[in-house]
Structure formats: structure tokens, C-alpha cells
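First comes the structure, then the notes that go with it.
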Amino acid sequence: MSDRSTPPRPNLAMRRATRALKTLGFWALVVFVVLFSVFPFYYAILTSLESGSALFEVNYLPTSLDVSNYVSVLTKGPFPLNFLNSVLVAVAVVAISLFLAVTAAFALSRVRFRGRGLLLLTILSVSMFPQIAVLAGLFEMVRAFDLYNSLGSLILSYMIFTLPFTVWVLTTFMRDMPAELEEAAIVDGATPFQIVWKVFLPLLWPAMVTTGLLAFIQAWNEFLFALTFVASNETRTVPVAIAMLSGSSGQEVPWGEIMAASVVVTAPLVVMVLVFQRKIVAGLTAGGVKG
Amino acid sequence: MARLTLEKLGKRYGRVQALSDIDLAIETGEFVVFVGPSGCGKSTLLRCIAGLEEISEGELAFDGERVNELTPAERGVAMVFQSYALYPHMTVYENMAFGLRLAKAGKGAVEERVREAARMLQLEPLLDRLPRQLSGGQRQRVAIGRAIVRDPRVFLFDEPLSNLDAALRVQTRIEIAGLHERMAETTMIYVTHDQVEAMTLADRIVVLRDGRVEQVGAPMELYHHPANTFVARFIGSPSMNLLAAEPTDAGVQVKGFAPTPLTAPPGARGLSLGVRPENLRLAEDGETPFYEGDASLVEKLGESQLVYFDMGAEAEPLVARLPGALPAKKGDRMRLATDPEALRLFDDAGQAVRAG
Ligand SMILES: Nc1ncnc2c1ncn2[C@@H]1O[C@H](COP(=O)(O)OP(=O)(O)OP(=O)(O)O)[C@@H](O)[C@H]1O
Ligand SMILES: [Mg+2]
């Protein structure tokens with residue numbers, strides 16, 4: 001008792017100092033990470049607001065607020081149409097992936113059948129092939145389905161990388177649902193579809209939002225398939241359209257417009273992540289906690 | 001509202017035979033309790049009746065109609081699960097209304113039934129809460145409410161009280177007994193491994209062991225006339241003393257004990273004599289004691305005390321439940337007596353030998 005009531009002073013001061021140092025270190029790291037990850041985007045915004053020769057001067061603070069790049073990107077050429085295509089493709093990919101994944105996850109997690117583990121591994125291994133390896137095969141498929149140069153080709157081909165992880169993640173989540181919950185619903189007279197729809201789905205929301213968002217981002221940013229399966233300007237999606245933006249003369253790269261277009265296509269993603277932020281965090285942690 | 005008949009019912013999980021040859025008839029409105037040690041198949045049998053588990057062999061009939069192939073909803077069963085299994089994203093009201101809505105009951109009818117069940121279980125102030133905003137006891141009542149609103153033909157409970165603390169368990173047990181009284185027409189089946197629950201709630205108890213029925217009967221019948229040593233040991237706490245006995249000229253006798261007036265069938269061997277701890281008392285002066293020995297352990301329980309007597313290295317100690325006021329302590333020499341009517345005799349297969 002007695003020696004605890006008189007704490008040695010220098011020890012306390014030192015502890016304070018280390019704590020301050022730790023806080024400082026923490027924030028220094030935060031600043032570094034933020035700078036590192038945000039700088040490219042920040043620089044794109046800066047550049048998108050400049051024009052003419054200002055583009056080629058290196059500066060780190062805004063010097064001008066010239067929106068002409070945005071105006072030209074959004075008014076001339078097929079860019080608005082490309083943007084719409086991207087929205088269409090990404091939304092369709094997310095919707096179809098989630099629907100198929102939820103139903104598949106139900107079967108893979110709640111129905112006992114032979115070869116279930118093997119099937120699950122096969123599904124996951126599909127996502128391990130590099131895109132370029134499946135390009136030729138997919139091209140044949142797209143042709144066979146008569147989808148060449150249509151948005152359908154992209155929706156079909158993007159499933160190849162969105163489905164494995166949506167199925168996998170949702171299966172993991174669904175497996176963690178207590179069996180008695182399903183049985184209670186069965187006793188209440190629910191069909192398998194009603195069980196998925198009315199009992200599991202509301203509980204899977206966080207996981208669905210998270211995987212859906214990741215699928216959206218992948219579909220939104222995909223370049224190689226979009227370049228290969230679509231040939232005309234009107235059916236292109238944004239990543240390819242940006243790469244194909246050309247200046248007034250063939251020699252000139254329109255950096256300002258490219259940057260303006262990039263900012264325009266990134267903005268929806270940022271907004272979406274911010275909107276769903278809380279759900280995403282819940283989705284990333286919910287699996288480990290019993291409700 | 002249904003009479004259940006189980007005929008040669010069996011359940012296999014691959015090579016594991018979880019249930020075999022279950023023959024049982026449960027009357028309309030009866031409260032039947034399945035008891036038995038862990039892993040004996042109580043839950044499996046209940047789930048077979050519910051329709052959550054496929055029946056491998058035999059037949060299950062409700063009111064004489066085979067229901068093996070029907071879904072739980074088609075059978076008209078309702079079940080209360082051990083973990084309550086409430087839908088976490090639905091309010092108490094929606095939880096109770098879920099089954100009715102799936103059955104396409106009209107809005108007014110749903111409202112009326114849910115309100116009525118809520119009133120019965122004092123859940124009215126909680127109808128808008130989510131399950132996670134309820135205490136364990138309240139969740140339990142919602143789970144019961146969810147089962148009641150569907151007005152089931154058979155009401156099933158799988159260890160519904162095991163997640164509650166002792167005080168709440170007693171209270172809920174009394175509530176369930178009240179529920180059975182109010183729903184006199186509804187057949188109820190209740191799984192537990194708690195003897196007190198079984199004895200207090202049951203019209204009839206079914207004792208299971210290794211997937212087979214050991215005995216079916218009213219609680220007091222099982223207590224007084226166990227069909228075999230397994231039931232004798234399982235029902236009653238502390239359990240019945242079983243002593244190796246031999247037939248003698250004077251009657252069946254346990255070594256070191258006074259002879260009893262029981263007679264064994266001719267040629268009987270490996271007999272056990274059963275006597276409940278509460279049927280042993282101190283011998284009066286002048287009375288020939290049934291047993292005389294030194295107490296090896298005394299457990300004071302308040303209103304009574306358990307006194308143990310060493311029966312040698314192999315055998316279990318003899319236990320006597322004596323009045324709490326008695327000044328007994330370890331090492332005391334005691335003379336015990338019993339009434340001949342309280343003695344039970346079992347043969348070498350453990351089966352009761354009737355009225356010998
Ligand atoms: N899905 C299953 N697959 C294989 N064996 C099973 C399965 N379910 C139960 N069993 C076996 O069937 C037997 C009976 O199990 P059951 O759950 O009915 O026991 P119980 O009497 O309810 O026990 P407890 O009191 O512990 O709940 C056990 O031996 C168990 O191992
Ligand atoms: Mg059980």
C-alpha cells in the first residue's frame with residue numbers, strides 16, 4: 001500500500017513523454033498514408049482544373065479554377081454515353097452477381113450434398129486465372145452468344161471475377177447463421193426461397209453491400225475486356241473511353257480532359273463508399289460476432 | 001389437438017443409429033416429457049416429430065394419418081428452440097406474425113391473434129422491440145408466443161429453459177404449466193434433462209437411453225415403480241440405492257444387511273435390491289435395523305441431510321436422506337430401518353421383478 005501511494009515522479013513524466021511520442025508517431029503515419037493514397041487523385045483534380053501550358057508546370061496548390069476541361073468532356077464526343085454504359089454495366093453486374101451469389105451461397109452453406117467443398121474450391125480457383133489467360137476463351141463465348149460489341153458481353157465477362165468472391169464471401173456469412181434460425185422459419189412454414197429472402201437476406205445486408213460495392217468497383221474500372229469485346233465508340237465504357245480521348249491534333253495528349261474525365265468517373269465511387277461506409281465496416285466485422 | 005402414434009420409428013445418421021424401435025402413443029392434450037442422458041436421442045426424436053429430420057424407419061401418424069412425408073407447417077407443429085431462434089431483424093410483433101403472414105392469414109386475423117398471445121404472455125409493452133432489446137426471459141416468452149399464435153396441433157419444446165438462470169427457470173416452468181392448462185386441447189412434447197422439470201410438468205414421462213424407450217409412465221409411477229435399474233437411477237435425486245443381493249431361505253438379502261421379506265423367482269442370480277434414500281430412516285429403539293454402520297460423509301441440505309455409508313471399494317456408498325434437525329456427523333454409528341413396501345427388486349438384466 002505505502003509504496004504504491006507515492007509513485008515515483010520521473011516515471012510518470014517519462015510515461016507521459018512516451019505517450020506523446022506514440023501519438024505523434026501515430027498521426028505522422030496517418031498523414032503519410034493519406035498523402036500516399038490521396039495524392040494521385042489530388043493531382044488529377046489539380047490538373048483537371050488547368051488548361052493550356054499550365055498543364056505542364058509542376059505545382060502542388062491550385063493555381064486556376066478553369067472548368068473548361070469538364071465542359072468539353074461532358075458536352076462533346078460520346079463521353080456522357082460512355083458514362084451511362086458504365087453505370088448500366090456495373091449496376092447489372094452487381095445485381096446479377098448478388099442474386100446468383102445469394103442463391104448459390106444458400107445451397108453451398110445450408111444444403112448438404114456430395115462434392116460441396118470441391119465445388120466451393122473450384123469456384124474460388126476461377127478467380128485465380130489472370131484475365132489475359134481467359135481472354136481468348138471468353139472471346140469465343142461472347143461470339144457464340146452473339147454478344148460481340150454489346151454491353152451484354154461485358155456483363156457476362158465481368159461475372160467471371162465478381163461471382164467467385166461474392167459467392168465465397170456470402171457463403172461464409174451464411175454458414176455462420178444459426179441453424180435454428182432456418183429451422184424456426186421452416187416450422188413457420190417458409191419455403192427455401194422465403195427463408196433466403198425474408199430471413200437471411202435482411203441479416204446479410206452488410207455483407208451484400210460490401211461485396212456489391214467491391215464488385216461495382218471492379219466492373220467500373222475494368223479495362224482489358226472492355227477494350228477487347230467492344231469496338232464502337234457508342235458502346236464503350238468509361239475506362240476505355242478515357243484512354244481513347246484524343247486531342248485536336250493526333251499528336252497532342254489532352255491531359256486536362258483525361259484528368260477531368262477521371263475525376264468525373266471516380267466521384268461516384270467515392271460518394272458510394274462514403275454513403276455505405278458504416279455498412280462496409282459492419283460487413284467486414286459482422287462475421288466474427290454472434291448476433 | 002392431435003393424437004400422435006409412433007410405430008417402430010427409427011432414425012439413422014449414416015451408420016449411427018440414433019433412434020430405434022420407438023413405439024409410443026401420445027393422447028390429444030397430453031403433456032409428454034422426453035428425458036434421458038445427453039446423447040440419448042431426445043432432440044432427434046423431437047425433431048423427427050417436428051419434421052425437421054427425416055424419419056428413416058417406421059411410421060409417425062397424427063390422428064391416425066401418416067405424416068412422415070409432410071413438412072412441419074403441413075403437420076401443424078410449432079416449436080420453441082433452446083436458443084429461442086427469434087428473427088433478429090424483426091420486432092416482437094413481426095416475429096409472432098411471421099408464420100401467420102406466410103400462411104396468408106388476413107391482416108385483421110393476424111393482428112388479433114398476435115395481440116391475444118401477447119396479452120397471454122404479458123408481451124404487450126414489448127411488441128415494437130427487437131429481440132436484442134429483450135432480456136433472456138422475455139425472448140423466451142416471445143419464442144413461446146410465436147408458437148402459440150399459430151394455434152398448433154402439437155407444441156414442441158427442446159430444452160426451452162436451459163439458457164435461463166435458476167429463478168427465471170422456476171418462474172417460466174410455472175408459466176409453461178399454466179399454458180398447458182389454458183391450451184388443454186393442444187398436445188405438448190417437451191425435451192429436458194432436468195428431472196424437476198420432467199416431474200412437475202409431465203402427464204407422462206418417456207425415459208430414453210441410447211435411442212430406445214426405457215419406460216413410459218406418469219411421473220409418480222416412474223418414481224415408485226421403475227421398470228429397470230436405469231430408470232430407477234435416472235429418476236429421483238439423489239438416485240435410488242442399488243445393492244447387490246442374493247436369495248436366501250429367509251428372503252432376499254444384501255450382504256451385511258438384515259434379510260428382507262422379498263422372495264426371488266427360483267434360480268435368480270445377480271439380483272439388485274433398490275431402496276430410495278428418502279425411504280431410509282433411523283431405526284426406533286428395539287426395532288431390528290435394516291442396516292447398521294458408520295457414516296462416512298454427511299451433507300447438510302437444510303431441511304434434510306444426506307448421510308453416506310461406505311459399502312466397500314467396488315460398490316457405491318449407501319445414501320440415506322434423514323431429517324435436517326438430526327445431529328449427525330461423520331463417523332457416527334447409525335441404525336437404519338426401512339419399510340418393506342419401499343424395496344424394489346431387479347434381476348440380473350436390470351429388469352424389475354414384480355411383486356415377489
Ligand atoms: N446430424 C447428425 N449426424 C450424426 N449423428 C447425429 C446427428 N445428430 C445427432 N446425432 C447423434 O444422435 C444421437 C442423439 O442425439 P440427440 O441430439 O438427439 O441427443 P440428445 O438426447 O438431445 O442430447 P442432449 O441432451 O445433449 O441434447 C447422438 O449420439 C448424436 O451423436
Ligand atoms: Mg438435445
### Task
Grab the beta carbon distance between residue B:210 and residue A:176, set R0 = 30 Å, and tell me the FRET efficiency rounded to 0.05.
0.35
### Query
Pick from B:320, B:250, B:264: which residue has the top mean-square fluctuation in a GNM of chain B where Cα pairs under 10 Å get a spring?
B:250
### Spacing of the two label points (7 Å from each Cα toward its C-beta) at residue B:330 and residue A:113, in nm
6.5 nm
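Compute the FRET efficiency between residue A:134 and residue A:100 as 1/(1 + (r/R0)^6), taking r as their Cβ-Cβ distance and R0 = 22 Å, and round to the nearest 0.05. Each step should come with its number before you reach the end.
Numbers: r = 18 Å, r/R0 = 0.84.
Using R0 = 22 Å, I get an efficiency of 0.75.
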### Task
Quick one: accessible surface of residue A:235, probe radius 1.4 Å, all protein chains present, in square angstrom to the nearest 10.
30 Å²
### Message
For chain A, set up a GNM with springs between Cα atoms under 10 Å and report which of A:151, A:274, A:120 has the largest fluctuation.
### Response
A:274
### Summary
So the carbon and sulfur contribution to the accessible area of the protein assembly as shown, 1.4 Å probe, in percent, is 60 percent
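Whenever you get a sec, line up B:347, B:285, B:203, B:158 from highest to lowest accessible area (probe 1.4 Å, protein heavy atoms). Don't jump to the answer; show the numbers that get you there.
Working: B:347 45, B:285 150, B:203 65, B:158 15 Å².
Reading off the accessible areas and sorting them downward yields B:285, B:203, B:347, B:158.
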### Query
With the contact rule set at Cα under 8 Å and sequence spacing of 6 or more, what percent relative contact order holds for region B:144-229?
22 percent
### Message
Test of the criteria: in region A:214-279, which chymotrypsin sites (Phe, Trp or Tyr not before Pro) are in a DSSP loop and have at most 15 other Cβ atoms within 10 angstrom of their Cβ?
### Response
A:223
### Summary
To the nearest 20 debye, the protein assembly as shown has a Cα-centred charge dipole, built from +1 on Lys and Arg Cβ and -1 on Asp and Glu Cβ, of 1900 debye
### Query
Looking at A:193, A:237, A:217, which one has the Cα that reaches farthest to the positive end of the dipole of region A:178-254 (charges on Cβ: Lys, Arg +1; Asp, Glu -1)?
A:237
#### Entry: Global geometry of region A:12-66, whether rounded, prolate or oblate, following the gyration tensor of its Cα atoms and the 1.5 cut on a/c
prolate
### Task
Report, as an integer, the average count of C-beta atoms from other chains found within 10 Å of each Cβ along B:80-86.
4
### In nm, spacing of pseudo-spin labels at residue A:205 and residue A:16 (7 Å Cα→C-beta vector)
4.7 nm
### Query
Between region B:169-241 and region B:39-76, how many Å separate their Cα centres?
21 Å
### Task
Determine how large the accessible area of residue B:128 is when every protein chain is in place; take a 1.4 Å probe and give Å² rounded to the nearest 10.
130 Å²
### Query
For region B:10-77, what does the alpha-carbon gyration tensor say about shape, rounded, prolate or oblate, given a ≥ b ≥ c as the root eigenvalues, a/c under 1.5 as rounded, and a/b over b/c as prolate?
oblate
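Once A and B are treated as a pair rather than alone, how much accessible area drops out, both sides summed, in Å² to 100, probe 1.4 Å? Could the numbers behind the result be given before it?
On the way: alone 17900 and 17270 Å², together 33610 Å².
Between A and B, the summed buried area is about 1600 Å².
Assigning unit charges at the beta carbon (Lys, Arg +1; Asp, Glu -1) and nothing else, what dipole magnitude in debye, to the nearest 20, does region B:238-346 show about its Cα centre?
Values: 11 positive and 16 negative charges, 41 e Å.
Taking the Cα centre of region B:238-346 as origin, the dipole is about 200 debye.
Roll a 1.4 Å probe over the protein chains and send me the accessible area per residue for the protein assembly as shown in Å².
On the way: 33610 Å² over 647 residues.
Ligands and nucleic acids excluded, the result is 52 Å² per residue.
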## Note on the structure
Of all GluC sites (Glu not before Pro) in region B:233-326, the ones in DSSP coil with at most 15 other Cβ atoms within 10 Å are B:284, B:287, B:303, B:314
### residue A:55 paired with residue B:115, simple spin-label distance in nm, labels 7 Å along Cα-to-beta-carbon
7.2 nm
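With an 8 Å Cα cut-off and a minimum separation of 6 or more residues, compute the relative contact order for chain A in percent.
After rounding, I find 29 percent.
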### Most to least accessible of B:348, A:176 (protein chains only, probe 1.4 Å)
B:348, A:176
### Top of A:68, A:48, A:86 by mean-square fluctuation, Gaussian network on chain A, Cα under 10 Å
A:68
### Query
GluC sites (Glu not before Pro) within region A:138-243: which are DSSP loop residues with at most 12 other Cβ atoms inside 10 Å?
none
### Message
Just want to confirm a number: the relative contact order over chain B, from Cα pairs under 8 angstrom separated by 6+ residues, in percent.
### Response
16 percent
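The values are calculated or read from the model by the stated rules, or taken from the named source; none is laboratory data. Owing to the predicted nature of the structure, the values given are computational and were not obtained by experimental measurement. Neighbour counts run over all protein chains shown; Cβ positions are idealised from the backbone, glycine included. The area values use the complete protein model at the heavy-atom level, side chains included, leaving out ligands, DNA and RNA. Shrake-Rupley method; radii C 1.70, N 1.55, O 1.52, S 1.80 Å.
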